[in-house]
Amino acid sequence: MTEAEELRTQLLDYLEKQADKPLTVRELTDAFEIVGSDDFRAFVKLLAELESTGEVVRTRTDRYALPDKMNLVVGRLQMKARGYGFVLTDDGEADVYIPVGEMGGAMSGDKVMARIEGNGNLRGSPYASGQGAGASASAGKHREGKIIRVLERSANLLVGRFTRHHDYGFVTPADKRMVQDILVPSGHTADAHDGYVVVVEITSYPTGTRGPEGHIVEVLGHPDEPGIDILTVVRKYNLPEQFPDAVLHAAEQIPLDLTDDDLVGRRDLRGETIVTIDGEDAKDLDDAVHVKELANGHFELGVHIADVGHYVREGSVIDKEAYRRGTSVYLTDRVIPMLPQRLSNNICSLNPQVDRLTLSCIMEIDESGAVLSHEITPSVIRTTERMTYTHVRNILLDEDESVRERYAALVPDFQRMERVALILRDRRMRRGAVDFNFDEIKVNVDNIGRPTDITTRQRSIAERIIEEFMLVANETVAEHFYWLGAPFVYRVHEDPDMGKMLDLNLFLHNFGYALKGVGNKVHPRALQDVLNEIQGTREARMLSSLMLRSMRQARYSPDNLGHFGLAAEHYTHFTSPIRRYPDLMIHRIIRESLEGPLAGAREEQLRALVAAAALQSSERERVAQDAERECDQLKMVEYMQAHVGEEFDGLISGVTQFGLFIQLQNGVEGLIHVSYLTDDYYALNERQMALVGERTRRVFRLGDPVRVEVASANKETLTIDFQLVSHYREATFVGGRANGEIVYDEDLSRRDRARAETERAERAAAYEARGRERERAGFVGGTRGRQAGERREREGTAGGTRGRQVGERRERGDEEEGGSRYGGYAGPAWADASAPRGAGAGGRRRGKATGTRTKPSGGPAGGRSSAGGGGRKRRGAGGSKGAPRGPR
């Protein structure tokens, strides 16, 4: 640690533990005995740096203190399409709700400082989510505040749709959290056509009186052109498609053949029978395995990982670019790799029958699955065969004779691998690990990116073999370096919030299930017990998804905080250095530690690097996950556009006051808006998580099978709308759980449809009349409001109790035009219903509505939506692995 870094740490510690009031510069310099002019200037400079990053705050009387002692918080602003937002902090405290009008010129994603209003107690925000399926008693409880300062802008480039007005225009951001349109003045439109997708650079950020301004730097094209949709996502999340020339040049200098010098100090394992097992289209093969039986009856398991650190040196241009990217990103039709292909698909890829440098973790495992001893060593291997999950499944599960004959020499190896994997899994499950066994959902696309099919796939023994081997290697490496006391990057998954667990238990009780031990602390085994109990039931996927969302998100940390989902005391990511930066950093630490104890200065340097890399990699992982989900959702919506008017079977996966979320058998989810349920007025029964008809007492309950017709699919809002065709309902309810004979409601639904057509025609005439009255009365919206009402009636999106009431309020002027057709509900954790976009420059308003739900990932648990350390991520074209996403 340098002298300046030490002073920084001491100053923050002093303000935290010893300062009982905000202090002046003189009081601080006296406390630290700063006397010389040079030291004084350095101290004042340090204070200024800490102030700029938000680590300290300077009062109006030029006194310094820590933000939390001044009722201030620092975090990232996450805005919602309705104009409000939340400051997300890293201190584990509740998020801070920021009302509309209190943004202080901040935009979504900015690092901000906010002042807590009132006494800082939790309160429910008026736009709190969680009112629908899986709503919790504590959902929507936040501290409330106002933003007083923007510390760091998240980005100066935004992608969106350009609307031209003569020689100027506006860009409506594709990111619905960016609630203000960007004014593009005359001379800065780059001759973009009206309606085209563009990239705009912000030149003036919003203030209290005016919106943001910018100039167009790239015209992507018409939104309906092939590939523009995914390219829009790439630009929206600022994903680096191309490598800088300097990085490509450095990669070209790396030789593709090994020399004798490369093999010095490595264990030669080229004589072992070692294989890779990946998806059919995988190109970056970064792990290989071998298993053999020892004389004492135990097993030797070898996990061999590409030694990327041998080629990517710390501080090199390739290393800096890999750090910036943090992870490879697997979009529906392309891969954005962390490393140049010369490395990822060539010299670092463990291709068959060629010598490759690796780091190996070789373990002795007994019949109970315990790791009795291990060795972590640099090595050189030559893989015997490049296997696929399909072929291994054919050998072990299907007993396909043609495949078994082709790989006859390896069949005994795969049988041993199966045996060891099952032993390891049994041990892991006995200690209480949670395993969310979700199917993998994959959108298949053609060569121009058009979706051709949506397939679901279950994990087989082939995927589980690799999953279990990677898990045990990650745990073994993490425990080794924990006891060594070296700086390290751990993969941590903290215990869930007890409030959320209590809410989850209450919700599960409605279905007749219960979490054990909720009163004090939940053990992961309690969650797995429920997963075992619901297996095979129709509510299994819905409840599993809710349980996953109730846990914290796994992240990287320099501190070993354990892994709740895996029930592991020590865990890391060691097995994928080609596509994850933390793994690459860990490999460097391993190599240095094997050479001898770290020197004091180097150890401190590594601790600083590890802390920064953990934070950066966690952030980049979340960006990658968001981009991957959005691309999948885009292609699902596009796929369903070709099936409008067709009927599908599905289950009710969410119940809200504005309608029913339906999940089809192919994994696609959409909404039956309450306006389509025209046979009755429906109210939400939160206890039973059901919509109940006031007159007919007809019940729509979570998990109910239904048949729906695709009414519409909108790529801009990422929404799919269904109409009910038929409903398999339960005749009676007992204790909130269904019990009775299933009745097929086909005839009732047909009558509903005929009645709906008559009601819509009547309402269309009423809307038109009210629109004209509104025009004559001079209400805002005028003609456009009437036309919107007519259009809604034609499309069938206004009707039913709630739709009619919302429409009437808008016509009376009680509500702004363009609001969400999902009403005032912000949606559950996986749905974001958007109301009017905020007023942009020029006073324009847009109404957008979204209601998407992210699909969960499969594999052993470890925190929501985070790539598995053992179960490897599903890969896209050009480098995709077939293994499911494991939320670890």
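Just so you know, all these numbers are worked out from the coordinates, no wet-lab data involved. Treat the numbers as computed from the prediction; the structure is a model and nothing was measured. Counting neighbours? That spans all protein chains shown, and the Cβs are built from the backbone with ideal geometry, glycine included.
Remark: spin-label model distance Y482-S460 equals 3.5 nm, labels positioned 7 Å along the Cα→Cβ axis. Our coupling estimate for region 557-564, obtained by passing each phi through the Karplus curve with A = 6.51, B = -1.76, C = 1.60 and θ = phi - 60°, is 8, x, 9, 7, 9, x, 10, 4 Hz, Gly and Pro reported as x. The N444 and E401 beta-carbon pair, evaluated with R₀ = 30 Å, returns a calculated FRET efficiency of approximately 0.55. With R₀ set to 45 Å, the beta-carbon distance separating H249 from L66 gives a calculated FRET efficiency near 0.50. For region 402-488, a/c is not less than 1.5, where a ≥ b ≥ c are the root eigenvalues of the C-alpha gyration tensor, and a/b does not top b/c. That puts it in the oblate class. Placing a label point 7 Å from the Cα of L561 along the Cα-to-Cβ direction, the residues of region 483-513 with a backbone N closer than 15 Å are 489-498. When you work out D = kT/(6 pi eta Rh) for region 1-56 at 4 °C and 1.567 mPa s, using the Kirkwood radius from C-alpha pairs as Rh and the Stokes-Einstein form, the result is 112 µm²/s. The phi torsions of region 72-78, fed into the Karplus equation with coefficients 6.51, -1.76 and 1.60 and a -60° offset, translate into couplings of 10, 10, 10, x, 9, 7, 10 Hz, rounded to whole numbers, with Gly and Pro shown as x. Remark on G169: its backbone amide H falls under 5 Å from those of V184, a criterion applied only to residues 5 or more positions apart or on other chains, H modelled at 1.01 Å from N. Each residue, A599 and R622, gets one label point 7 Å from its Cα in the Cβ direction; the gap between the two is 3.8 nm. For region 157-236, the relative contact order works out to 30 percent when only alpha carbon pairs closer than 8 Å and six or more residues apart are counted. Cross-link partners for K521 among the aspartates and glutamates, with Cα-Cα distance under 14 Å and sequence neighbours closer than 8 places in the same chain left out: E494, D495, D497, D503. When peptides 93-106, 21-34, 360-373, 655-668 are ranked by their average number of other Cβ atoms within 10 Å per residue, the highest-first order is 655-668, 93-106, 360-373, 21-34. Put in line by how crowded their Cβ is, counting other Cβ atoms within 10 Å and starting with the fewest, L584, L422, L220 read L422, L220, L584. Neighbours of A192 by Cβ distance under 15 Å: Lys/Arg scored +1, Asp/Glu scored -1, total -4.
Close amide H contacts of S712 (hydrogens built in the peptide plane, cut-off under 5 Å, sequence separation of 5 or more or a different chain): D721. For R267, which sequence-distant residues (separation of 5 or more, or a different chain) have an amide H within less than 5 Å of its own amide H, given hydrogens modelled in the peptide plane? For R267, whose amide H was placed from the backbone, the distant partners under 5 Å are S379, V380. Separation of the alpha carbons by more than 21 angstrom is noted, of K17/K500; K69/K146; K176/K500; K320/K635, for K17/K500; K176/K500; K320/K635. Coupling constants for region 309-323 follow from the phi torsions by the Karplus curve (6.51 cos²θ - 1.76 cosθ + 1.60, θ = phi - 60°), and in residue order they are x, 5, 9, 9, 7, 4, x, 6, 5, 5, 5, 5, 5, 5, 4 Hz; glycine and proline get x. Residues H563, H188, arranged from fewest to most other Cβ atoms within 10 angstrom of their Cβ, appear as H188, H563. Once the C-beta distance of Q535 and N346 is scaled by a Förster radius of 41 Å, the resulting FRET efficiency is 0.45 to the nearest 0.05. Peptide packing for 691-697, 503-509, 712-718 was compared via the average number of neighbouring C-beta atoms within 10 Å per residue; ordered from the highest value, the list is 503-509, 712-718, 691-697. Counting neighbouring beta carbons within 10 Å and listing from fewest to most, the residues K635, K146 come out as K146, K635. Can you pull the Rg over Rh of region 292-399, Cα-only, Kirkwood? With Rh from the inverse mean 1/r over Cα pairs, Rg/Rh is 1.05.
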